[in-house]
1. Got the relative contact order for the chain handy, in percent, Cα pairs under 8 Å and 6 or more residues apart?
2. Taking the Cα atoms of the range 124-209, what is the range of coordinates along each of the three principal axes, in descending order and whole Å?
3. Running a GNM on the chain with Cα contacts under 10 Å, which residue among 178, 103, 92 ends up with the highest mean-square fluctuation?
4. Measure nothing but the geometry: give the 0 to 90° angle between the long axis through the Cα atoms of 180-192 and the longest principal axis through the Cα atoms of the chain, rounded to 10°.
5. Within the range 13-271, what percent of beta bridges assigned by DSSP are antiparallel, to the nearest 5?
6. Distance from a point 7 Å along Cα→Cβ of residue 205 to each backbone N in the range 225-241: keep the residues under 13 Å and list them by number.
7. How far is helix 26-35 tilted off the main Cα axis of the chain, in degrees rounded to 10, range 0 to 90?
8. Label points 7 Å out from Cα along the Cβ direction at residue 6 and residue 122: separation in nm?
């Protein structure tokens, strides 16, 4: 949604989508706004609790069935397994997404890995298309005036025109631009705790081939899952930058991550948005 600073200031019920790499502060900022009585719509929470809930539970049950004690209890319906996904704890979603590589090191084979990647992408698309419905729910059911869409870091990878059109028609899109310092910090975090990531199929195929050649491996089961994540992370980071810049150019506005990091209050946030507009 395009508007002037004056129009934004006069907009009685504001709806904003935050775009950007995972780790640039989208969720941190959204949490601050939640405390200021904004409705916090978390893309990954919606993905995990609505669109991937059953596959996530099935994955957990498969692991539990490998333990004889738990297998007998599950088969006799003596226990049940449920998700405990929250906006602030999305570990179950990441665990389902998984990592590529050696099974003994927690990795997945290529077919299963790509299946989960496709399921995640479809779930993210659906979650973003739900945004207009939740803007309405936030106001008519829960009584929130303002709405913040905390999008997933992979939104720029979806290549879905409908998603961008829906978000642009219903929200102001703000791209949080990572600085060089952010990039170094995110890489340091990834090295300390390599987390599962979503990759476009074309990007995955190209970089997987390069990785296997560089590491001298010929089979997926020879890949160390964490090493592959660390190989991919800086390449994914660089590949996403022009994609996010294009979205901001065509549909929204850009604010540097270090600018938003200093924000303490709702009014400071709104003033920052007005400055970008």
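1. 34
2. Cα spread of the range 124-209 along its principal axes, largest to smallest: 48, 28, 20 Å.
3. Per the Cα network of the chain with a 10 Å cutoff, 103 tops the list.
4. Compared with the principal axis, the helix lies near 30 degrees.
5. So the antiparallel bridges in the range 13-271 amount to around 5 percent.
6. Output list for this probe position: empty.
7. On a 0 to 90 degree scale, this one is about 60.
8. 4.9
Coordinate-derived values only; no laboratory data. Predicted model only: the values in this text are computed from it and were never measured. No Cβ is skipped: glycine too gets one built from the backbone with ideal geometry, and neighbour counts run over all protein chains shown.
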